[in-house]
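Read the figures in this text as sums done on the coordinates, not as results from a lab. All values derive from a computational prediction rather than experimental measurement. Backbone-built Cβ (ideal geometry, glycine too); neighbour counts: all protein chains shown.
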Amino acid sequence: MQIDETCAIVTGGASGLGEATARLLRASGAQVTLFDRQKERGEQVAAEIGATFVETDVTNEDSVRAAVAAASAAMGKINAAVNCAGVGTAEKTLHKEGAHSLDHYRRVIDINLVGTFNVARLAAAEMAKNAPSSDGQRGVIVNTASVAAFDGQKGQVAYASSKAGIAGMSLPMARDLSREGIRVMAIAPGIFLTPMLMGLPEEVQKQLAADVTCPQRLGDPKEYASLVKFIIECGYLNGETIRIDGALRMR
């Protein structure tokens, strides 16, 4: 798929990995629609890059249906969906106050895993309406997992569960959507300099970077965005999760 022929929706597009992805795709010639709950910031980013913004709750079926319809109307079609919306929490299965909060666990699973699936399935239904390319492709879905899916740390049981689900989703969803010519990939980022990490003291950031094998620094969201762009363009990538982590293996 050529980037200048791409009409992409990007969830979590108002900040972090999603914002970086939206900016790169738009700068490369794609049409882009941002989905996010941060209305003011989302509208600001969209205005800056010449994109469309739709306030969206990825966990809500009606909200996503309406957002997909609005994005398709604005861009003429949807042939790429990038799921970056997500949250994290730090809580052990057992801690001083007792057992892990079930509500906290459900919230992370609902936003990260269920929200990703909700957007992917409804975006796929829209992509299936596209005319196929010369090799039968109609679209591509890129989901965001994490290295925590494979080597999650203490206190990451909810987050790691949600991201492992996203990694495990790639192959069966790719098989499900093969008849429609829709590819499905996942990216597993390591430690990236997103707004959440930028709020940490510089010394803490340095400690995190020291665990990365090479290069010893935090990932730049632009590097994640570059991988998304490559996945969109490389039509033979399908059903796999790609780590982008500087060879980090968390303790």
- extent check for the range 86-230: Cα max minus min per principal axis, descending, whole Å, gives 54, 37, 22
- Interchain or long-range residues, amide H under 5 Å from Val82's placed H: Ile9, Val10, Thr11, Val142
- Message: Calculate the FRET efficiency for Arg175 and Cys234 from the Cβ-Cβ distance with a Förster distance of 25 Å, rounded to the nearest 0.05.
- Response: 0.85
- Can you run the Rg to Rh ratio on the chain? Use alpha carbon positions and the Kirkwood inverse-distance Rh. 0.96
- Note on the structure: Going through Lys77/Lys229; Lys163/Lys206; Lys39/Lys206; Lys154/Lys206 one by one, the pairs whose alpha carbons sit over 27 Å apart turn out to be Lys39/Lys206
- Projected onto the charge dipole of the range 51-111 (+1 at Lys/Arg Cβ, -1 at Asp/Glu Cβ, origin at the Cα centre), which of Leu102, Ala69, Val87 gives the Cα projection farthest towards the positive end? Val87
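Assuming 0.36 nm per residue, please report the length gained on full extension of the stretch Thr93 to Arg41 beyond their Cα-Cα distance.
Details: separation 52, 0.36 × 52 = 18.72 nm, distance 3.45 nm.
Gain on extension, Thr93 to Arg41, equals 15.3 nm.
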- Query: Taking the Cα-to-Cβ direction at Asp103 and at Gln207 and moving 7 Å from each Cα, how far apart do the two end points lie in nm?
  - Reply: 3.0
- Ranked by Cβ crowding within 10 angstrom, fewest neighbours first, how are Ser72, Ser162, Ser133, Ser170 ordered? Ser133, Ser72, Ser170, Ser162
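What dipole magnitude, in Debye to the nearest 20, does the range 36-131 give about its Cα centre under +1 on Lys/Arg Cβ and -1 on Asp/Glu Cβ?
260
Please report the projected area of the range 1-84's Cα convex hull averaged over all directions, in nm².
Details: hull surface 18.4 nm².
If you wrap the Cα atoms of the range 1-84 in a convex hull and average its projections, you get 4.6 nm².
If each residue's Cβ is checked for other Cβ atoms within 10 Å, how do Asp4, Asp220, Asp57 rank with the fewest at the top? Before the final figure, lay out the partial values.
Numbers: Asp4 9, Asp220 12, Asp57 17.
Fewest to most other Cβ atoms nearby, the residues stand as Asp4, Asp220, Asp57.
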- Query: Mind listing the phi-derived Karplus ³J(HN,Hα) values for the range 176-192, rounded to whole Hz, using 6.51, -1.76 and 1.60 with θ = phi - 60°, and x for any glycine or proline?
  - Reply: 4, 9, 4, 4, 8, x, 10, 7, 9, 10, 10, 10, 10, x, x, 8, 10
